[in-house]
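Report on one structure; see the data block that follows.
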Amino acid sequence: DENFDLYTIAFGLRNVTDVDMALREAHRVLKPGGRYLCLEFSQVVEEKIMRPLYDAYSFNVIPEIGRLVANDRDSYQYLVESIRKFSNQDELKGRLEKAGFVNVNYTNYSGGIVAIHEGWKEL
């Protein structure tokens, strides 16, 4: 308990079986004043042009790249589907707050395709 100043995870939280438990555990192992950072695929924020383009790319191009490069279309199809099923930015922010983090915020990159969420364990 309370051993780490910083806890980071990148492109892995959406693959955890129990996300809320993982967030509580991250909070538990952080020292007071410790920082949590999560880089994860998220939801495109611009709905009229960017989201339909990204959806078309994701569901048609990414699985085909997987088929051509890795001979594994299914894993790349799963990747796209897991991104869509995962919490959006505000939902994940709420889950972090529920786990006990304070000053929770997120920053979108590439129009929300990815986001960095951050939170702090209170002093």
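The values are calculated or read from the model by the stated rules, or taken from the named source; none is laboratory data. Just so we're clear, the structure is a prediction, and the values are computed from it rather than from any experiment. Cβ coordinates were reconstructed from backbone atoms using ideal geometry, including for glycine residues, and neighbour counts include every protein chain displayed. Ligands, DNA and RNA are excluded from the accessible area calculation, which covers all protein heavy atoms including side chains. Shrake-Rupley method; radii C 1.70, N 1.55, O 1.52, S 1.80 Å.
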Between residues in the stretch 62-73 that are without any contact (Cβ under 8 Å) to a residue 24 or more places away in the chain and residues that are open to solvent by 50 Å² or more (accessible area, probe 1.4 Å) and of a type in the set (S, T, Y), which pairs lie under 7 Å by C-beta distance while being six or more apart or on different chains?
I62/Y76; P63/Y76; I65/Y76; G66/S75; G66/Y76
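Could you check the stretch 63-83 and list, in sequence order, the residues that are in contact with a strand residue (DSSP E or B) (Cβ under 9 Å, 6 or more places away or on another chain) and either open to solvent by 40 Å² or more (accessible area, probe 1.4 Å) or not hydroxyl-bearing (S, T, Y) (or both)? Don't jump to the end; show me each part of the working.
Taking the stretch 63-83 first, the residues in contact with a strand residue (DSSP E or B) (Cβ under 9 Å, 6 or more places away or on another chain) are 79, 82-83.
The answer is L79, I83.
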Could you check I9 against (1) assigned to a strand (DSSP E or B); (2) touching a strand residue (DSSP E or B) at 6+ places or on another chain (Cβ under 6 Å); (3) open to solvent by 60 Å² or more (accessible area, probe 1.4 Å); (4) not aromatic (F, W, Y) and say which number it fails?
(3)
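Conditions (1) within 20 Å of V114 (Cα to Cα); (2) within 12 Å of the chain's Cα centre (by Cα), marked per residue:
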| site | (1), (2) |
| --- | --- |
| R24 | no, no |
| L39 | yes, yes |
| V44 | yes, no |
| F59 | yes, no |
| L79 | yes, no |
| R84 | yes, yes |
| Q89 | yes, yes |
Candidate set from the stretch 84-100 (those that are touching an Asp or Glu at 6+ places or on another chain (Cβ under 9 Å) and part of a helix (DSSP H, G or I)); member that is surrounded by the most Cβ atoms within 10 Å (Cβ to Cβ)
L96
Filter the stretch 39-54 down to the residues that are assigned to a helix (DSSP H, G or I) and open to solvent by 50 Å² or more (accessible area, probe 1.4 Å) and list them by number.
M50, R51, P52, L53
